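**Student:** Before I ask anything, here is the structure I am working with.
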Amino acid sequence: MSRRRIGFWYRFAAVLCKPPLMVLIKRDWRGMENIPAEGGFITAVNHNSHVDPFAYGHFQYNTGRVPRFLAKSSLFRKGFVGAAMRGTGQIPVYRESTDALSAYRAAIDAVERGECVAFYPEATLTRDPDLWPMTGKTGAARVALQTRCPVIPVAQWGANHLLAPYAKKPDLLPRKTHQVLAGPPVDLSRFYDKEMTPDLLKEATEVIMAAITVQLELIRGEKAPATPYDPRQVRIEQRRRTRGKEETRTQEEQETAVREKTAQGNTAPEKAVREMTEVEHEKRHGK
């Protein structure tokens, strides 16, 4: 299998992006020897800043194996950005549409043509409070098992110091260091020749995410939580708590209504007796 030529658009993007990246961040890049020199492969990368696709893209570009990212389809539609996305061979992702599987097919085709496809398995910026990798989506595992290509786990750290997740303003000074560590290929051989059930894909994805997390532990010099942050489970728990609060509030409102009704019921006889007493008093005094 051949390797993708860098081409005009990638070189043009590098001319535009590399100078500001060189100025804004220092580089501590390791593990380039684990990037295959030939043939198709996948890189599975953690995501903790809106800047890190550019910083990681710089690392990958310098290996000589330019990546094809999966990116939301709206970026491909108009103007210079759309032209650059199409020219550099990025893969559009059409979410919640009839074309949703086209990204998966395009990724398989790219790998089979000998290219590098870069996956952010978390599919979004990490929600983990300490920015550890979350649970992943199964797309990278699906492509890897379909093609049996190498999966290179890549951890990065430092772009989040330049631009924190969901922050709008970068922190430029002091100059930040972007650290990247590419690990050896993930061993997924035990999943080969098996039916790609949801459970199997979930297990393979957990193996990939664990390999990324190990690389990030080496960069950060600390251990990640034993259980990865799972945004789906967090949402379920939040909904459960919300329902619990609503049920408690409804029960309290019902109890209050019953007390008020009971109080009104107890007051009615007293009011009737009081009115009868007043009438009798008026009769006796000739009023």
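**Student:** When only residues in region 120-139 that are charged (D, E, K, R) and open to solvent by 50 Å² or more (accessible area, probe 1.4 Å) count, which is nearest to residue 36 (Cα to Cα)?
**Tutor:** 137
**Student:** All but one of (1) assigned to a helix (DSSP H, G or I); (2) open to solvent by less than 70 Å² (accessible area, probe 1.4 Å) hold for residue 142, so report the exception by its number.
**Tutor:** (2)
**Student:** Failed condition for residue 68, given (1) of a type in the set (D, E, K, R); (2) touching a Ser or Thr at 6+ places or on another chain (Cβ under 9 Å); (3) farther than 23 Å from residue 133 by Cβ, with all others met?
**Tutor:** For residue 68, the failing item is (3).
**Student:** Tell me which strands (runs of 3 or more DSSP E) are completely within region 1-86 and hold 3 or more residues being open to solvent by 20 Å² or more (accessible area, probe 1.4 Å) and in contact (Cβ under 8 Å) with a residue 24 or more places away in the chain, or say none if there are none.
**Tutor:** 25-30, 67-72
**Student:** Still on this model: Select from region 220-239 the residues that are in a loop (DSSP other than H, G, I, E, B) and either aliphatic (A, V, I, L, M) or modelled with pLDDT under 95 (or both) and list them in ascending order.
**Tutor:** 224, 226
**Student:** Related question: Looking only at region 188-200, decide whether some residue is over 26 Å from residue 126 (Cα atoms), in a helix (DSSP H, G or I) and in contact (Cβ under 8 Å) with a residue 40 or more places away in the chain.
**Tutor:** yes
Here is a yes/no grid of residues against (1) touching a Leu at 6+ places or on another chain (Cβ under 9 Å); (2) open to solvent by 60 Å² or more (accessible area, probe 1.4 Å); (3) within 26 Å of residue 229 (Cβ to Cβ):
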| site | (1), (2), (3) |
| --- | --- |
| 111 | no, no, no |
| 118 | yes, no, yes |
| 151 | yes, no, yes |
| 155 | yes, no, yes |
| 160 | yes, no, yes |
| 171 | yes, yes, yes |
| 183 | yes, no, yes |
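**Student:** Across region 173-187, which residue is nearest to residue 40 (Cα to Cα) among those that are within 22 Å of the chain's Cα centre (by Cα) and in a strand (DSSP E or B)?
**Tutor:** Here the residue is 182.
The values are calculated or read from the model by the stated rules, or taken from the named source; none is laboratory data. All values reported here derive from a predicted model rather than from experimental measurement. We place every Cβ from the backbone using ideal geometry, glycine too, and count neighbours over all the protein chains shown. For accessibility, only protein heavy atoms count, side chains too; no ligands or nucleic acids. Shrake-Rupley method; radii C 1.70, N 1.55, O 1.52, S 1.80 Å.
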